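Down below is the structure, laid out as structure tokens.
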There are 2 protein chains.
Amino acid sequence: MEILPILVLFLATVVSTTQGYEPFVTHHIHLLRPKSGAGGDSVPGLSCLSWRLGVETNNIINWKTVPAECESYVGHYLLGHQYRKDSKVVTNEAWLYAKSLNLTNDGKNVWVFDIDETTLSNLPYYADHGFGTELYNSTAFNTWVLEGTAPALPESLKLYKKLLKLGVKVVFITGRGEDQRNVTTTNLKNVGYHTWEKLVLKGSTYSGNTSYVYKSAERTKLVKSGFRIIGNIGDQWSDILGTNVGNRTFKLPDPMYYIS
Amino acid sequence: MEILPILVLFLATVVSTTQGYEPFVTHHIHLLRPKSGAGGDSVPGLSCLSWRLGVETNNIINWKTVPAECESYVGHYLLGHQYRKDSKVVTNEAWLYAKSLNLTNDGKNVWVFDIDETTLSNLPYYADHGFGTELYNSTAFNTWVLEGTAPALPESLKLYKKLLKLGVKVVFITGRGEDQRNVTTTNLKNVGYHTWEKLVLKGSTYSGNTSYVYKSAERTKLVKSGFRIIGNIGDQWSDILGTNVGNRTFKLPDPMYYIS
């Protein structure tokens, strides 16, 4: 195989001087980097990279499943380095913001964390279920949740620990139901989230309400009870839009599902 | 140059059967796709791709310049296919939304367009000024604007034409000053934007106000005068956040500058 480096180098030189060949070359380059996770797509007519950007910027909304053509792209993105790098940029910005604040130490400063795909990761489940290309199956997903074995999203766990050291209180607001309080508590503690001010789960009074409505209402309750929401982080736009969203909001990547 | 296709094909075959060489190959692959715009980065410690996602999702705010290490990445992104693909996904979603509406034909439905990097493109200027890595220079930028030669962003022009056919009125709200009304009018008409309901420029009463404040106030005026803002598209989050943002908002890509 010693001929390979020489060939690549030669080719790089040739191609860099013959940009007219670009469309042809682009196709083969894609085949060479299957695990980059950031490499666009090989699907005619649909750019999975553009689709993902459209989703992350809230341009594409109310979608039910990841396009079937993008299963491999989304899978490689999530299991490769790019998802983690993207998450790190978000939590890093959150930390730069938090530590820049001149906080009064009166116990009223809270940071709101969503749980699924923010605090905990369900990637082990989604890796077995087409990375979002399959329609949401509540039975299967709840079986996974009840195992209580979801890992932490490492970037969020680091942010959580730093915020606690700063004297900020943490409030979890999750779309998980009240019936999952025990398993959620155990799961959070097992992976490193040892303390919090409140763990708000979706009670039956909100049945039929969107996450947007439920989370807005619960944040409003927080503010009315005297807390200042200095920050708010989630993977869904419905976590960070609405009323009393917080002084600053942070959107983690999630190309697997959409919650309104 | 007829040897090139054969070489590429041969190389693709060799490499696809030797994935153990991936780290080595990845480095050279980057050199082979200078115009892909979606290829991550080669900068240690900073993922330009993650930076761009952070910017587009409003996680990274109030930045003054593109990181110097990302000049080449951002330039290739903008001049290559990915910027246009990303823009097309946004305007396509906007069109799918608009045509799904059951609009009353009373002349009150408007769509708000921002101008720079939305309706018109300043890419010819930024290509000569480091793609956002240089600090904003109002003298140089205004000289460019006064030439009146900015091309249309093709995806936005198509959306504009379709909306007009649907009976929707167009309102431009731009951060350009009143003193640039004539050149802006001429430029818009020259590249295909022939008609509009209003062209709102930033008057002197707003001097010292952010774009967020100015645009919110002007949209509120529109709504108070009886218009319904059914849609709103811009490249800055300050175009689409605030009051009376519209029934749905659309964020075009812009990794070159940030306006608060």
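Read-outs: derived from the displayed coordinates by stated rules, not from any lab. Because the structure is predicted, anything quoted here is derived from the model rather than measured. When we count neighbours, we look across all protein chains shown, and the Cβ atoms used for this are built from the backbone with ideal geometry, even at glycine.
Taking Lys and Arg as +1 and Asp and Glu as -1, the other residues whose beta-carbon sits under 13 Å from that of B:D106 total +3. Using θ = phi - 60° in the Karplus curve 6.51 cos²θ - 1.76 cosθ + 1.60, the 3J(HN,Hα) couplings for segment B:174-189 round to 10, x, 4, x, 4, 5, 9, 4, 5, 5, 5, 4, 4, 4, 4, 5 Hz; x is entered for Gly and Pro. For segment A:253-258, 3J(HN,Hα) computed residue by residue from phi via the Karplus equation (6.51, -1.76, 1.60; θ = phi - 60°) reads x, 7, x, 9, 7, 10 Hz, glycine and proline entered as x.
For B:N209, the label point sits 7 Å beyond Cα toward Cβ; its separations from the matching points on the remaining copies run 3.4 nm, from shortest to longest. Our analysis of segment A:99-244 gives Rg over Rh at 0.96, with the two radii drawn from alpha carbon positions and Rh computed by the Kirkwood formula.
Here the contact order of segment A:159-243, divided by its residue count and restricted to Cα pairs under 8 Å and six or more residues apart, works out to 27 percent. Label zone of B:K108 (point 7 Å out along Cα→Cβ, amide N under 14 Å): in segment B:217-243 this covers B:222-230. Can you figure out the FRET efficiency of A:L146 with B:W63, using R₀ = 51 Å and their beta-carbon distance, to the nearest 0.05? That gives a FRET efficiency of 0.75. Here segment A:41-126 has an Rg and Dmax of 16.9, 57 Å, counting Cα atoms alone. Summary for A:N102: label point 7 Å along Cα→Cβ; distances to the equivalent points in the other copies, ascending, 5.6 nm. Ascending distances from the A:R181 label point to its copies in the other chains, with the point 7 Å along the Cα-to-beta-carbon line: 6.3 nm.
Kirkwood hydrodynamic radius computed over segment B:178-260 comes to 14.0 Å, based on all pairs of distinct alpha carbons. Once you reduce segment A:207-230 and segment B:200-252 to the center of their Cα atoms, the two points are 27 Å from each other. Residues whose amide H comes within less than 5 Å of that of B:D235, counting only those at least five positions distant or on another chain, are B:L252 (H built at 1.01 Å from N in the peptide plane). Taking amide H as placed 1.01 Å from N in the peptide plane, the amide H of B:V200 sits under 5 Å from that of B:F172, B:I173, B:T174, each at least 5 places away or on another chain.
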